[in-house]
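The values are calculated or read from the model by the stated rules, or taken from the named source; none is laboratory data. All values derive from a computational prediction rather than experimental measurement. Cβ placement follows ideal geometry from the backbone for every residue including glycine, while neighbour counts extend to all protein chains displayed. We work out accessible area using only protein heavy atoms, side chains counted, and drop any ligands, DNA or RNA first. Shrake-Rupley method; radii C 1.70, N 1.55, O 1.52, S 1.80 Å.
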Amino acid sequence: MRRLIFATQKLDPGDPVLAATVPMVRALAARVDEVVVLCDSAVPGVVPANVTVREFGASTQAQRGAKFVAALVRELRPRPLGVVVHMVPLYAVLAAPVVRPLGIPLVLWYTHWKGHAVVRAAEKLSTAVISVDRRSFPLASRKVHAIGHGIDLSEFACAEPLGANDGLRALVLGRYSPAKGIETIVRAAALAGVHVELHGSDAEFEDYKRGLERLALDVGADVALGGPVARADLPALFARSDVLVNNMRAGAPDKVVYEAAASCVPVLASNPVFDDLLPEELRFDRDDPAMLAERLRSLDRRRRPELREVVVARHSVDHWADGVLATVRRP
């Protein structure tokens, strides 16, 4: 029996940040006999019948860790193909003493710019590391395998073109965090005379959001700062936008860039990791609002089916699931 253990934070198709985990689990379940998901919490009924969900939620991190390890131990018989840890390096650190002595592969999926001590420990203890690109894992390591992102193409169709006579409508999605480089976007919007609709969330950075509101007033930018959006609302946002702008710092390729590309919406991005997706005219230097303003002014607003073709070929959830299993099975 082909079993796979998948450890993640939560299964919730309505979560603004983690909803994409659900189609990832579904894609893995289509390729094995059983997937066992170990998670802090889960919405019932969102995964196929061959997925077993074990929740280990608790009030403290120590209690969650202990319950996670206990749940993992109980699921090691029958022997699984491997244990895949999704975006939580601490789970890999906790799992390693249990699974590595048994010769069970331990694979960490991680795509972020933070390379803190727990990430370093997880890299050393894991059998392999998988990420969107070698550059989307913050440490230099021979264990890293680039498998692309996992975009559920069934959720995103090519958006209908907008009227060419209307003013350019730019969209920004993501947390209100300095790592997102939103100041550059606000300044560029003022220079280009472009309306920007921004949706973000993160209570930790409320002061940063208020600073963006003051900056927009100071520079005369037409920017609407909104709250988080449900994943189900993304297609409608893409449909009413001419372009997605993304200025995330290097090392963390935001999933929303691939989702917009899957919707055939032009994307302007600064992260070098998008060089396999975006041509030169759709990229800009991260700290250069004048360059971004020029890109906005000169943008060809037509929908871009060629961007969707790249996502289909390299970043679909099916391509991702094949990459996960190939890495688990790699000697």
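Quick notes
- Breaking point among (1) more than 15 Å from the chain's Cα centre (by Cα); (2) closer than 27 Å to Gln63 by Cβ, for Leu18: (1)
- Restricted to the stretch 283-329, the set of helices (runs of 4 or more DSSP H) holding at least 1 residues that are within 21 Å of the chain's Cα centre (by Cα), without any contact (Cβ under 8 Å) to a residue 60 or more places away in the chain and surrounded by 19 or more Cβ atoms within 10 Å (Cβ to Cβ) comprises 305-314.
Residues checked against (1) in contact with a strand residue (DSSP E or B) (Cβ under 8 Å, 6 or more places away or on another chain); (2) among the β-branched types (Val, Ile, Thr):
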residue: Val84; (1), (2): yes, yes
residue: Leu102; (1), (2): no, no
residue: Trp109; (1), (2): yes, no
residue: Thr127; (1), (2): yes, yes
residue: Arg135; (1), (2): no, no
residue: Arg142; (1), (2): no, no
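- Considered as a group, the residues in the stretch 185-203 that are touching a residue at least 24 places away in the same chain (Cβ under 8 Å) and assigned to a helix (DSSP H, G or I) include one that is surrounded by the fewest Cβ atoms within 10 Å (Cβ to Cβ), and that residue is Leu191.
- Per the conditions (1) at pLDDT below 95; (2) of a type outside the set (Gly, Ala, Ser); (3) more than 22 Å from Asp318 (Cα to Cα), the sole criterion not satisfied by Val17 is (3).
- If you go through the stretch 134-184 and keep only what is open to solvent by 70 Å² or more (accessible area, probe 1.4 Å), in a loop (DSSP other than H, G, I, E, B) and not basic (Lys, Arg), you end up with Ala140, Ala157, Glu160, Pro161, Ala164, Asn165, Asp166.
- Being more than 19 Å from Thr327 (Cβ to Cβ), of a type outside the set (Asp, Glu), at pLDDT 95 or above and open to solvent by 50 Å² or more (accessible area, probe 1.4 Å) is a property that Gly65 lacks.
- Residue match in the stretch 210-223 (condition: within 28 Å of Leu153 (Cα to Cα), surrounded by 14 or more Cβ atoms within 10 Å (Cβ to Cβ) and touching a strand residue (DSSP E or B) at 6+ places or on another chain (Cβ under 8 Å)): no
- Test: Gly45 is open to solvent by 30 Å² or more (accessible area, probe 1.4 Å) and of a type in the set (Gly, Ala, Ser): yes
- Applying the criterion of being surrounded by fewer than 17 Cβ atoms within 10 Å (Cβ to Cβ) and either touching a residue at least 40 places away in the same chain (Cβ under 8 Å) or touching a strand residue (DSSP E or B) at 6+ places or on another chain (Cβ under 6 Å) (or both) to the residues of the stretch 18-39, the residue that is farthest from His199 (Cα to Cα) is Arg31.
- Qualifying residue in the stretch 103-125 (condition: of a type in the set (Val, Ile, Thr), more than 30 Å from Val243 (Cβ to Cβ) and without any contact (Cβ under 8 Å) to a residue 24 or more places away in the chain): no
- Positions within the stretch 256-282 being surrounded by 19 or more Cβ atoms within 10 Å (Cβ to Cβ) and in a helix (DSSP H, G or I), in sequence order: Val256, Val257, Tyr258, Glu259, Ala260, Ala261, Ala262, Val273, Phe274, Leu282
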